[in-house]
Amino acid sequence: MPAATPAVMKVARLYDYLDVRIEDAPVPRPGPREALVRARVCGICSGDVVPWYIRKKAPLVFGHEPVGEIVEVGSEVTHLQPGTRVFVHHHAPCLQCRACRRGEFVQCPTWRATQIVPGGMAEFFLVPETNLFGDTLALPDHVSDQDGALIEPTACVVKSLTRAGRVADASLLIIGLGVMGQLHVLLARHLAARQVIGADLVPARCAWARNLGADAVLDAALAPLPAQVAELTDGEGAEIVIVGPATTEALEIGLACVAKGGTVVQFMGTPPEARLDLSTHDLYFREIRLIPSYSCGPSDTRAALRYIGEGVVTARHVVTHRFPLPEASTAYRVAAEDKTAIKTLVTFN
C-alpha cells in the first residue's frame, strides 16, 4: 500500500535575492480535475537568480522546473495515474484564444495566470486542471528524473532557435555560457549549424562549451567581441546571435556582432526601465532582425522531451551541482554566485 500523504510538508520559500528559507506548509489537496505530485527534483532557473526579476515575485515558493511522481488524481482525471513520473510546466495556455491559435502561447492570458501550487521547491505540489491537461508530460522509463528537470530550460532553447530561423548551415554566436548558453551549444550542434561560437567572461564556462562541441570559444574580456567574431567569420559576423545576458549592453554587443541579413535573439528580459539605443538606419539597411524569445509553450516542451529522450541533452551535459531540499539556500547561492556552476538541481528524498 502507498504511504499516506502527510498534512504538512517542507518548502523552500524565497523572501529576497539570496534569502531562501525552509518552512512548513500545508499539503494541497487536488480537486476533481487536478493532481498532487510528490517532487523528486527541481532545477534552479537562470531567472530565479536575476535580482530585479525575482524580487518582484517575492515572497514565493520558487522553482518551476520540477519532476515528480503523481500520488493522487481527481475523480475526473483518467489520462494519468498515481505512480506516473511527470514533468509539469508551471504555465499552460488555454489553446483556444487568438494568441494560442497563432502559436504565441506565452501571450495567452491563461498561460500567464497559471501556476503550480505552491511552487516547484516543495515536497508536494498541486497541478491545476489547465496545467495537467495542457502541459504535463509523462516521462519514459529511460529518461531520469534529473534529465526530466531539463525539459523546461531546453524547451526555452527550442523556442529560441525556432524563432532564430534556419539554424542548419548557419554561423551562430552564443553570448553568455551559463546553462542556457550551454543548451544552445548542444541544440545548435544537433541542428547542424555550420559554426557554433560561444563567448563569456568566465574561462571555465568557455572550456565547458568547447567540451560540448562549440567550434570556437571567445573570452570576451580579452578583446572587443565584435572584432573577435569578425576574425572567425571572415569579417562577416555571425548569421545568428543569441544574447543571453539580461542587459542592453549585451544586446548592443550582439547587434555589433551580427552579419548583414542576420538575426539577433534577445533571450532574457531586461529591467523595465532599460532602454536600447538603436540605429534604425543601420538596422534597416543591414536588414537585421531583432527577435525576443520569452519562455516556452507546449510544442516546445514536447520537442525538448524528444531531444532529451534521444540523448541530445542530458543531465551529464550540464548539471554540475546537486543539493537536497534542506540545503536549498546553499543551492540558490551557488546558482547565483558560483561562476563555475552550470546547472544546479535540488533533490527530494
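A few notes on this one:
- DSSP bridge analysis restricted to the chain gives an antiparallel fraction near 55%, rounded to the nearest 5.
- Label point distance in nm, Ala227-Leu18, each placed 7 Å from Cα along Cα→Cβ: 3.5
- Mean separation of Cα pairs under 8 Å and 6 or more residues apart, divided by the residue count, gives the range 135-212 a relative contact order of 28 percent.
- The chain: relative contact order in percent, alpha carbon pairs under 8 Å with at least 6 residues between: 18
- Summing charges over neighbours of Thr340, with a neighbour being any other residue whose Cβ is under 13 Å away from its Cβ, gives 0 when K and R count +1 and D and E count -1.
- Part-to-part distance (alpha-carbon centres) for the range 61-132 and the range 245-297, which is given in Å: 31
- For the options Thr130, Thr233, Thr78, a Gaussian network treatment of the chain with springs between C-alpha atoms closer than 10 Å singles out Thr78 as fluctuating the most.
- Efficiency of FRET from Cβ geometry, Tyr294 and Ala7, R₀ 41 Å, rounded to 0.05: 0.65
- Over the chain, DSSP H runs of length four or greater, each weighted -39,500 (n - 2.57), average out per residue to a 222 nm ellipticity of -8500 deg cm²/dmol.
- Remark: the range 175-190, residue by residue, has Karplus-estimated 3J(HN,Hα) of 8, x, 10, x, 4, 5, x, 5, 5, 4, 4, 4, 6, 5, 4, 5 Hz, where x stands for each Gly or Pro and the curve is 6.51 cos²θ - 1.76 cosθ + 1.60 at θ = phi - 60°.
- Distance histogram for the range 214-349 (every C-alpha pair counted, 5 angstrom bins, percent rounded to whole numbers): 2, 8, 12, 15, 17, 17, 14, 8, 4, 2, 1, 0
- Averaging the sequence gap over all C-alpha pairs within less than 8 Å and six or more residues apart, then dividing by the number of residues, gives the range 1-141 a relative contact order of 28 percent.
- 5 Å-binned pair-distance histogram of the range 277-341 (Cα, whole percent): 3, 12, 11, 10, 13, 17, 12, 11, 7, 3, 1, 0
- Here is the size of the range 86-191 from its Cα atoms: Rg then Dmax, 15.6, 45 Å.
- Note on the chain: the C-alpha convex hull projects to 17.4 nm² when averaged across all orientations.
- The ellipsoid that matches the Cα gyration tensor of the range 1-92 has semi-axes, each √(5λ) in whole angstrom, of 27, 15, 11, with the longest given first.
- 5 Å-binned pair-distance histogram of the range 74-146 (Cα, whole percent): 3, 16, 22, 23, 18, 13, 5, 0
- In terms of packing, defined here as the mean over residues of other Cβ atoms within 10 angstrom, the peptides 250-262, 100-112 line up highest first as 250-262, 100-112.
Read the figures in this text as sums done on the coordinates, not as results from a lab. Since the model is a prediction, treat every value here as computed from it, not as a measurement. Because the Cβ atoms are built from the backbone with ideal geometry, glycine has one as well, and the counts that use them run over all protein chains shown.
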